[in-house]
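Okay, structure first, notes after.
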Amino acid sequence: MKILDWYILKRYLATFFGMLLLFIPIAITVHLAEKIGKILDSEATGAEIAQYFLDFTIYFAHLLFPLFLFLSVIWFTSKLANNTEIVAFLSSGVSFARFLRPFLIGAALVGGLSILMGLYLAPKASEGFNGFKYKYLDRNNPVENGNVIKQINDNEIIYVSSFNPRDKIGYNFTLEHFEKGKMTHKISATSIKYIEEDSVYRMKNYFLRKINQNDDAFINERKKDTLFSFDLTDLTPAKYIAETLPYTELINFIEKEEQRGSSNISRYKLELYRKWSLPVSVFVLTLIAVAVSSIKRRGGMGVNLAFGISVAMIFVFFDKIFGTLAAQSDFPPLIAVWFPNFIFGIVAIFLLRNAKR
């Protein structure tokens, strides 16, 4: 690599990580100010609180990787343009395509980091972040997306009104068993908890109703330990489980749910495809940022930043709209995830052609 490449690449990476270091403490401070009362009232240890904010940092940074990168590229490229450094580079015989090379190398490095975080670090951080929140901060609202209803095989359907992943406990549990379209028995309990050391489920206020042809039989116990054919993940809301599973486990989980005919497959696939679309967004937004900010304009850096913030908001809008559409309808999740990259990729090509002129 030549001096030009190193100069731009160092500015690219330094500005990006500098912006992360600037905004992450702000996000932590705002989040701490919002939750400080509940944290002080909780029984969490100092180590648990420290781990919670570390998980929050990883979760927050990965979620906003492309947008931080986009604004940082606009920032330092605008400074290059205002200092007429870009004009000097291009006047020395460097083509615009050659000028883009260090930006693409930087995008590849950040995209690789995004893949690493998305496949392994972010799911673990999401599990710790949400687990602490459900255990200590939202005790009266264990999971936002409660009311889990799932068919676990051809004959059985389970239900819980809410689930606490940290303590592995679900509330208002029901299991209904059917034979030839008719219910043969129904199990209900006020709570069901997975006991990991014994590999059993413990139910409180256990109630079994056996439905016979002539009359019904009832069994009631205060506490009952038993085995079930379903996994702990079957009790977990779709959004939560998709965020917390590493890549290979998520693939296996999706295959199992497809065999069951789960209605939440689109939600799971959205999370799976995002692990690969996010790094591509890094390249697309980098090209748009360079094309917009490489030209010196009246109003200077403020105009470029205003444009950058507008584009970022539109990108997030597209991502949320199509994500919600795929999660709540038959819209293909693959198209929903990649459509914003496709549209903004066309915008990037158009802007680059104008920037070359």
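The values are calculated or read from the model by the stated rules, or taken from the named source; none is laboratory data. Keep in mind that this is a model prediction, so the values were computed, not measured. So basically every Cβ, Gly included, is an ideal-geometry build from the backbone, and we count neighbours across all protein chains shown. Quick note on the areas: whole protein, heavy atoms, side chains included, nothing else; ligands and nucleic acids left out. Shrake-Rupley method; radii C 1.70, N 1.55, O 1.52, S 1.80 Å.
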**Report entry** Breaking point among (1) open to solvent by 40 Å² or more (accessible area, probe 1.4 Å); (2) over 16 Å from the mean Cα position of the chain (by Cα), for GLU257
**Finding:** (1)
Requested in this report: Take the residues in the stretch 169-189 that are open to solvent by 50 Å² or more (accessible area, probe 1.4 Å) and within 31 Å of the chain's Cα centre (by Cα), then tell me which one is nearest to TYR134 (Cα to Cα).
Outcome: TYR171
Query raised in the report: SER281 is checked against (1) out of contact with any helix residue (DSSP H, G or I) (no Cβ under 7 Å at 6 or more places or on another chain); (2) small (Gly, Ala, Ser); (3) modelled with pLDDT of 85 or more and fails just one. What number does that condition carry?
Result: (1)
Query raised in the report: Using beta carbons and a limit of 6 Å, which pairs, at least six apart or on different chains, have the first residue in the stretch 279-302 and more than 24 Å from LEU116 (Cβ to Cβ) and in a helix (DSSP H, G or I) and the second one small (Gly, Ala, Ser) and modelled with pLDDT under 80?
Result: ALA291/ALA355
Query - Tally of residues being part of a helix (DSSP H, G or I) and over 30 Å from TRP276 (Cβ atoms) across the stretch 14-65 - result: 17
Query raised in the report: Which residue out of ASN214, ASN172 is in contact with a strand residue (DSSP E or B) (Cβ under 9 Å, 6 or more places away or on another chain) and among the polar types (S, T, N, Q)?
Result: ASN172
Query raised in the report: Out of the residues in the stretch 323-346 that are buried (at least 17 other Cβ atoms within 10 Å of the Cβ), among the hydrophobic types (A, V, I, L, M, F, W, C) and at pLDDT 85 or above, which is farthest from SER91 (Cα to Cα)?
Result: ALA336
Requested in this report: Might you let me know whether the stretch 199-218 holds any residue that is farther than 28 Å from LEU116 by Cα, open to solvent by 60 Å² or more (accessible area, probe 1.4 Å), touching a Leu at 6+ places or on another chain (Cβ under 9 Å) and of a type outside the set (S, T, N, Q)?
Outcome: yes
Query raised in the report: Residues THR226, THR190: which one is at pLDDT 90 or above and among the hydroxyl-bearing types (Ser, Thr, Tyr)?
Result: THR190
Requested in this report: Would you tally the residues in the stretch 252-264 being in contact (Cβ under 8 Å) with a residue 60 or more places away in the chain and in a helix (DSSP H, G or I)?
Outcome: 1
Query raised in the report: Quick one: what pairs do we get from the stretch 111-132, first residue farther than 29 Å from LYS38 by Cα, second of a type in the set (Phe, Trp, Tyr) and surrounded by 21 or more Cβ atoms within 10 Å (Cβ to Cβ), C-beta under 6 Å, 6+ apart or different chains?
Result: SER114/PHE65
Query raised in the report: Taking the stretch 347-357, which residues are among the aliphatic types (A, V, I, L, M) and open to solvent by 20 Å² or more (accessible area, probe 1.4 Å)?
Result: VAL347, ILE349, LEU351, LEU352
**Report entry** Filter result (in contact (Cβ under 8 Å) with a residue 40 or more places away in the chain and either open to solvent by 90 Å² or more (accessible area, probe 1.4 Å) or over 20 Å from the mean Cα position of the chain (by Cα) (or both)) within the stretch 15-48
**Finding:** THR15, PHE16, GLY18, MET19, LYS35, LYS38, ILE39, SER42, GLU43, ALA44, GLU48
**Report entry** Which numbered condition ILE349 misses (of (1) in a helix (DSSP H, G or I); (2) touching a helix residue (DSSP H, G or I) at 6+ places or on another chain (Cβ under 9 Å); (3) more than 24 Å from SER72 (Cα to Cα))
**Finding:** (3)
Query raised in the report: When you go through TYR206, TYR171, TYR201, TYR247 one by one, which is the residue that is in contact (Cβ under 8 Å) with a residue 40 or more places away in the chain and not aliphatic (A, V, I, L, M)?
Result: TYR247
Query raised in the report: Of these, GLU221, GLU249, which one is open to solvent by 30 Å² or more (accessible area, probe 1.4 Å) and assigned to a helix (DSSP H, G or I)?
Result: GLU249
Query raised in the report: Any idea which of SER293, SER310 is surrounded by 19 or more Cβ atoms within 10 Å (Cβ to Cβ) and closer than 30 Å to ARG98 by Cα?
Result: SER293
Query - Enumeration of residues in the stretch 224-246 that are open to solvent by less than 30 Å² (accessible area, probe 1.4 Å), farther than 12 Å from TYR268 by Cα and aromatic (Phe, Trp, Tyr) - result: PHE230
**Report entry** helices (runs of 4 or more DSSP H) fully within the stretch 81-184 counting 2 or more residues that are within 28 Å of TYR247 (Cβ to Cβ) and modelled with pLDDT under 80
**Finding:** 122-132
Query raised in the report: Residue check, ARG11 against (1) buried (at least 17 other Cβ atoms within 10 Å of the Cβ); (2) under 23 Å from ALA125 (Cα atoms), all met but one. Which one?
Result: (2)
